[in-house]
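What follows is a short report on a single structure.
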Amino acid sequence: MLDLTFDTPKPKTIQGAKQAWELVIGMEVHAQVATQAKLFSGASTQFGAEPNSNVAFVDAGMPGMLPVINEECVAQAVRTGLGLKAEIHLKSAFDRKNYFYPDLPQGYQISQLYHPIVGEGEVLVEMGDGTARVVRIERIHLEQDAGKSIHDMDPHMSFVDLNRTGVALMEIVSRPDIRGPEEAAAYITKLRQIMWYLGTCDGNMQNGNLRADVNVSICSPGAYEKYRETGDFGHLGTRCEIKNMNSMRFIQQAIEVEARRQIAIVEDGGEVVQETRLYDPDKGETRSMRSKEEAHDYRYFPCPDLLPLEIEQGWVDDIAGALPELPDEKKSRFMADLGLSDYDASVLTAEPESAAFFEQVADGTDGKMAANWVINDLFGRLKKDDKSLADSPVTPAQIAGIITLIKKGDISGKIAKDVFEIVYTEGGDPAQIVEERGMKQVTDTGAIEAAVDQIIADNPAQVEKAKVNPKLAGWFVGQVMKATGGKANPKAVNEIVAKKLAD
Amino acid sequence: MSELNKLTIAAARDALRAGDTTSAELTEACLSEIDAAGALGAFVHHTPDLAREQAAAADARIKAGDAPAMCGIPLGIKDLFCTKGVPSQAASKILEGFKPEYESTVSQNLFDAGAVMLGKLNMDEFAMGSSNETSVYGNAVNPWKAGNSDADLTPGGSSGGSAAAVAADLCLAATGTDTGGSIRQPAAFTGIVGIKPTYGRCSRWGIVAFASSLDQAGPMTKDVRDAAIMLETMCGHDPKDSTSAELAVPNFEAALTGDIKGKTIGIPKEYRMEGMPDAIEKLWSEGTEMLRDAGAVIKDISLPHTQYALPAYYVIAPAEASSNLARYDGVRFGHRAKLGQGDGITEMYEKTRAEGFGPEVQRRVMVGTYVLSAGFYDAYYNRARRVRTLIKKDFEDVFADGIDAILTPATPSSAFELGADFSPIEMYLNDVFTVTVNLAGLPGISVPTGIDSKGLPLGLQLIGRPWEEGDLLNTAYALEQAAGFAGKPTRWW
């Protein structure tokens with residue numbers, strides 16, 4: 001396997017009035033676990049159902065109802081942990097996080113504060129310019145999502161939809177290893193990609209299935225390295241947490257805006273106050289949600305309704321054994337075994353569906369040609385129609401068929417484009433299309449020779465010129481191609497023209 | 001047959017099987033007794049129609065020869081159990097009008113066996129109390145009175161309505177729940193038997209939670225045999241309760257041989273409290289001698305951390321309660337306060353909970369919130385948890401030393417007068433002999449063994465090894481046989 005080696009990207013620096021500042025970012029990503037049922041009830045997790053239709057008694061906090069852990073959610077968290085090369089804790093436990101809110105019917109969220117199911121791991125975040133950063137994962141824990149409060153349906157009342165209440169979330173907590181807005185976006189992109197491969201989260205940010213709390217602080221150049229050497233957070237600036245972001249674009253904007261706000265405060269002789277903030281994309285500013293003093297006292301304590309969660313190493317091993325090939329490995333393999341460029345391998349492995357599509361095309365044909373056809377022709381064509389790969393009218397077998405025809409010499413690259421367009425718009429088997437529509441290259445040298453002889457006979461003056469200047473052979477080739485409707489094998493035509501002119 | 005309501009479960013079962021009576025007759029006998037016993041305040045929701053329907057179905061089953069032991073037996077169900085379509089409000093205003101769409105596992109187990117529900121029984125609000133006086137319905141009254149006074153006495157708490165109903169023969173038996181002594185103390189105060197099984201024996205699903213790590217359901221019955229019969233039907237593994245034990249349920253009644261020869265009974269010195277009434281002291285010694293006479297080996301033992309149990313309990317139980325009771329917010333069910341102009345969600349919570357919870361519940365919610373709050377968590381909650389571990393280890397050590405059961409008083413006194421002006425701490429002292437058992441998750445049973453100078457019943461507590469309820473019931477049976485307690489309250493209601 002090819003080892004991917006990268007240089008570390010430079011941290012984002014912002015020039016203040018007095019000095020340059022570096023950014024330090026840590027993230028808590030909330031990923032909705034892809035499962036049929038909720039974390040502690042049998043209610044469905046389907047998005048977009050009628051309000052309050054996917055609600056079990058326990059989800060609604062009815063008296064005497066008890067939570068029972070859904071094994072599939074545990075398996076998904078373990079899968080995610082393994083995908084992030086993290087330590088799996090065979091014993092974890094659930095705690096209650098207590099606070100009042102109408103969309104939290106129990107009055108507490110069941111989470112894992114003290115003993116998370118997944119411990120330390122890491123993620124390789126590539127920046128696309130040959131640099132990449134290893135972001136350390138501190139932990140992943142399982143917790144319940146809250147419901148949804150709707151405040152704009154009635155002037156006097158708020159409405160509550162409990163469909164999302166109790167749906168399983170994985171909170172993926174990073175160390176403060178992210179050094180700029182672009183890295184933050186790349187980090188989330190990578191997490192999402194890994195979870196796509198694992199099938200543990202659909203990553204749909206628009207539906208809120210993937211959201212992030214972003215911790216931002218600033219420091220002088222060199223301070224971060226001291227933190228990494230000593231582990232002492234004292235080298236870093238005071239952080240502020242920007243809550244509940246579900247857009248890559250806004251995350252990047254918010255980090256930049258928040259960093260600039262902190263720089264202005266510090267350079268003005270002030271101190272950054274640790275607090276929770278919200279990003280307002282309309283005004284392009286972050287504003288205080290609550291300060292440390294106003295922070296909720298969640299009164300975490302072990303949930304007495306649930307026994308500690310114990311899983312067996314054998315079960316974890318089974319999950320590990322059934323894990324799919326992950327993006328980093330797949331990309332390495334595409335580069336090493338199929339000869340793809342870094343860029344092509346990245347594009348094709350960005351989503352598991354595109355990688356799988358590509359692999360089906362490449363199987364039995366040619367890696368590089370398959371990559372070109374999938375990326376340039378197919379993706380390009382789909383993009384033009386605003387379609388996704390899932391809507392592709394062309395199957396991998398059809399593209400493989402076209403490539404096979406090119407390799408056999410049955411069609412030229414140019415004709416192949418026409419065949420692709422026919423397959424894309426009308427469907428059908430490329431070989432059959434080529435056959436039926438007479439698009440096959442003429443490789444019959446007799447037929448080509450006859451065409452060449454005809455052209456030579458018709459153009460004696462040109463022949464004389466070409467004998468002096470061999471470059472003019474191209475003109476004859478062009479005439480032959482024209483006469484054969486482009487179907488003559490160009491290689492054969494070249495050879496025959498050269499031979500005849502030399503005679 | 002006359003006075004069918006006075007039958008034990010075992011006697012009724014045998015009579016039903018012999019065709020000497022019917023469940024319908026038993027049920028009617030109890031229903032008319034309940035109607036005549038309003039002064040006891042035991043039943044707070046009456047379900048005569050349901051009872052008659054269930055009795056008819058039970059009679060059909062008995063006729064068909066398909067009759068489990070509890071088939072056709074009329075019971076009272078503590079208001080803490082959610083019963084489908086029947087008011088279930090944990091004796092709290094905040095659950096006013098709440099009729100669950102589901103049936104608790106324990107009551108379902110009883111109904112599946114053919115038991116009949118006469119109605120719901122009074123209790124302390126959310127099972128928080130030792131006198132039944134924190135109930136929104138007003139207190140239940142002990143059918144017993146002191147010989148020298150006409151004053152109404154407490155039936156104990158929190159399962160006060162259950163105790164009063166069984167002692168007054170309003171039903172053949174009742175369900176109770178026990179978080180710190182709520183089955184055993186009222187049983188002792190009313191001269192009946194009450195067992196709290198090992199934590200995890202009975203499913204908690206559908207029982208309104210007070211303190212989840214301590215709550216257990218159990219039967220309250222007229223004698224030990226009935227406790228064995230009814231417990232067997234109530235308990236069993238329930239996949240809907242993660243803390244329910246995946247263990248087979250033995251035939252508890254078959255364990256009642258009365259033979260305890262060679263069993264070792266521990267007498268813990270730490271339970272000999274200063275200022276303990278002579279009557280209790282005497283009862284305890286007599287009970288010890290009875291077990292010795294029955295062939296048991298008596299051994300003095302030490303449970304060194306006993307003195308820390310009550311304070312630990314009154315940290316852990318309120319902590320869990322403060323969280324368990326957060327769901328009563330007026331949003332989805334039960335009481336919601338009327339709101340004023342400009343009131344928002346915070347006012348709705350505050351007013352609803354201020355109106356809906358009584359003072360004792362509010363006190364415990366506040367204590368619980370305090371002990372879990374940042375800065376106090378380690379000093380209170382975590383320390384209490386460590387104490388709990390030590391208390392559990394105390395028991396493990398003596399059981400490892402060969403002790404089969406432990407004999408203690410059930411309560412520090414006999415039933416006291418209702419309306420007595422106790423401080424919360426004085427009231428909490430009622431649980432001093434019983435909370436250790438909940439903290440350690442052990443089975444404990446209260447057996448009536450004597451009458452004090454005022455003519456009031458007194459009980460002794462036996463504590464058993466985890467999951468060995470059969471053995472514990474047999475020791476209790478031997479004690480019951482030896483004590484020969486046959487007292488009944490004189491009817492005044």
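On average, how many beta carbons from a partner chain sit within 10 Å of the beta carbon of a residue in B:314-323? Mind showing how you got there, number by number?
On the way: counts 0, 0, 2, 0, 0, 3, 6, 0, 5, 10.
Mean number of neighbouring Cβ atoms from other chains: 3.
Calculate log10 I(q)/I(0) of the stretch A:1-54 for q = 0.24, 0.25, 0.27, 0.30 Å⁻¹, where I(q) comes from the Debye formula with a single equal point scatterer on each Cα and nothing for solvent.
Reported log10 I(q)/I(0), two decimals: -1.06, -1.08, -1.11, -1.15.
Determine the dipole magnitude for the protein assembly as shown: charges of +1 sit on the beta-carbon of Lys and Arg, -1 on that of Asp and Glu, nothing else is charged, the reference point is the Cα centre, and the result goes in debye to the nearest 20.
Charge dipole, the protein assembly as shown, about its Cα centre: 1400 debye, nearest 20.
How crowded by other chains is A:95-101, given as the mean number of beta carbons from other chains within 10 Å of each beta carbon?
Whole-number average of other-chain Cβ neighbours for A:95-101 is 4.
Peptides A:54-62, A:422-430: what's the order by average Cβ count within 10 Å, highest mean first?
Descending mean neighbour count gives A:54-62, A:422-430.
Only loop residues by DSSP count here, and only those with at most 11 other Cβ atoms within 10 Å; note down the trypsin sites (Lys or Arg not before Pro) in the stretch B:272-371 that meet that.
Here the trypsin sites (Lys or Arg not before Pro) that fit, given the DSSP loop and packing criteria, are B:K338.
What angle, in degrees between 0 and 90 and rounded to the nearest 10, separates the Cα long axis of helix A:181-198 from the longest principal axis of the Cα atoms of chain A?
Once rounded, one gets 80 degrees.
For chain B, what does the accessible surface come to per residue with a 1.4 Å probe? Please give it in Å².
Value returned for chain B: 34 Å² of accessible area per residue.
At a probe radius of 1.4 Å, what is the per-residue accessible area of B:E25, in Å² to the nearest 10?
Roll a 1.4 Å probe over it and B:E25 shows about 90 Å².
Please list, in chain and number order, the residues 5+ apart from B:I298 or on another chain whose amide H is under 5 Å from its amide H, with Hs placed from the backbone.
Correct list: B:I265.
Per the 1.4 Å probe, what fraction of the accessible area of the protein assembly as shown, in percent, lies on carbon and sulfur atoms?
50
Mind giving me the FRET efficiency for A:D458 and A:I422? R0 is 45 Å, r the Cβ-Cβ distance, nearest 0.05 is fine.
0.85
On the full set of protein chains, 1.4 Å probe, figure out the accessible area of B:T179 and give it in Å² to the nearest 10.
Near enough 0 Å² of accessible area.
Setting aside same-chain residues fewer than 8 positions from B:K282, which aspartates and glutamates have a Cα under 12 Å from its Cα?
Partners found: B:D452.
At a 10 angstrom cut-off on C-beta neighbours, averaged per residue, how do the peptides B:115-122, A:119-126, B:369-376, B:27-34 rank from highest to lowest?
Put in order of decreasing packing, that is B:115-122, B:27-34, A:119-126, B:369-376.
Evaluate the distance, in nm, between pseudo-label points positioned 7 Å from the Cα of A:K243 and of B:K269 along their respective Cα→Cβ axes.
A separation of 5.7 nm, rounded to one decimal place.
Please report, for the Cα atoms of chain A, the Rg to one decimal and the Dmax as a whole number; what are they, in angstrom?
For chain A, the Cα-based Rg and Dmax read 30.5, 102 Å.
Which value, in Å² and to the nearest 10, is the accessible area of B:R383 when all protein chains are kept and the probe is 1.4 Å?
The accessible area of B:R383 comes to roughly 140 Å².
Compute the normalised compactness of the stretch B:1-108: alpha-carbon radius of gyration over 2.2 N^0.38 Å, N being the residue count.
On the way: Rg = 14.8 Å, N = 108, 2.2 N^0.38 = 13.0 Å.
Normalised Cα radius of gyration, the stretch B:1-108: 1.14.
Quick check on the protein assembly as shown: helices-only [θ] at 222 nm, where DSSP H runs of length 4 and up contribute -39,500 (n - 2.57) each and the sum goes over total residues. Nearest 500, please.
So the helix-based figure for the protein assembly as shown works out to -11500 deg cm²/dmol.
When Cβ neighbours within 10 Å are restricted to other protein chains, what is their mean count per residue of peptide B:96-105?
What the average comes to for B:96-105 is 2.
May I ask you to rank A:T349, B:T233 by accessible area, largest first, using a 1.4 Å probe over the protein chains only?
Working: A:T349 5, B:T233 30 Å².
So the residues, ranked largest to smallest area, are B:T233, A:T349.
I'm a student and want to see the number: the projected area of the Cα convex hull of chain B, averaged over all directions, in nm².
Convex hull of Cα atoms, orientation-averaged projection: 22.5 nm².
Could you give me the radius of gyration and the Dmax of the stretch A:334-385, taking only the C-alpha atoms into account and expressing both in angstrom?
For the stretch A:334-385, the Cα-based Rg and Dmax read 10.1, 33 Å.
Treating cross-link reach as a plain straight distance, find the aspartates and glutamates whose alpha-carbon is under 13 Å from the alpha-carbon of B:K299, omitting any fewer than eight places away in the same chain.
Straight-distance partners of B:K299: B:E289, B:D401, B:D404.
Please report the spacing between the Cα centers of the stretch A:101-158 and the stretch A:186-216 in Å, no decimals.
That distance is 10 Å.
Could you list the trypsin sites (Lys or Arg not before Pro) in the stretch B:181-248 that lie in coil according to DSSP, counting only those with at most 12 other Cβ atoms within 10 Å of their Cβ?
Passing sites in the stretch B:181-248 do not exist.
What number comes out for accessible area per residue over the stretch A:445-502 if the probe is 1.4 Å? Units Å², please. Provide the component values of the computation, followed by the final result.
On the way: 3310 Å² over 58 residues.
Heavy-atom SASA per residue in the stretch A:445-502 reads 57 Å².
List, in the order given, every pair from B:K93/B:K240; A:K384/A:K407; B:K196/B:K222 whose Cα-Cα distance in the structure shown is over 20 Å.
B:K93/B:K240; A:K384/A:K407
From the cross-link list A:K38/A:K91; B:K145/B:K261; A:K148/B:K99; B:K99/B:K393, which pairs have alpha carbons spaced over 30 Å apart?
On the way: A:K38/A:K91 21 Å; B:K145/B:K261 37 Å; A:K148/B:K99 26 Å; B:K99/B:K393 42 Å.
Beyond 30 Å between Cα atoms: B:K145/B:K261; B:K99/B:K393.
Net charge near B:Q108: determine it from the other residues with C-beta under 10 Å of the C-beta of B:Q108, scoring Lys and Arg +1 and Asp and Glu -1.
-2
In whole angstrom, note down how far apart the Cα centers of the stretch B:219-276 and the stretch B:164-192 are.
After rounding, the separation between the Cα centres reads 15 Å.
Please compute the contact order of the stretch A:445-502 in relative form: average sequence separation of alpha-carbon pairs under 8 Å and at least six residues apart, divided by the residue count, as a percent. Walk me through the numbers on the way to the answer.
Details: 44 pairs, mean separation 26.6, N = 58.
The value is 46 percent.
Please give me, ordered by residue number, the GluC sites (Glu not before Pro) of the stretch A:296-383 that lie in loop per DSSP and have at most 11 other Cβ atoms within 10 Å.
Passing sites in the stretch A:296-383 are A:E312.
Let's test the formula: R0 of 56 Å, r as the Cβ-Cβ distance of B:A400 and A:F159. What FRET efficiency results, to the nearest 0.05?
The pair B:A400/A:F159 has a calculated efficiency of 0.45.
In Å², nearest 100, what accessible area do chains B and A bury in total when the solvent probe is 1.4 Å?
2800
Check cross-link reach from A:K482 to the aspartates and glutamates: straight Cα distance under 16 Å, and skip same-chain residues fewer than eight apart.
A:E449, A:D453, A:D458
What whole-number distance in Å separates the alpha-carbon centres of the stretch A:40-80 and the stretch A:228-303?
32
Give me the distance in nm between label points sitting 7 Å out from Cα along the Cα-to-Cβ direction at B:D421 and B:D378, one decimal.
4.3
The values are calculated or read from the model by the stated rules, or taken from the named source; none is laboratory data. These figures come from a predicted structure and were not determined experimentally. Backbone-built Cβ (ideal geometry, glycine too); neighbour counts: all protein chains shown. The accessibility values were calculated without ligands, DNA or RNA, using every heavy atom of the protein model including side chains. Shrake-Rupley method; radii C 1.70, N 1.55, O 1.52, S 1.80 Å.
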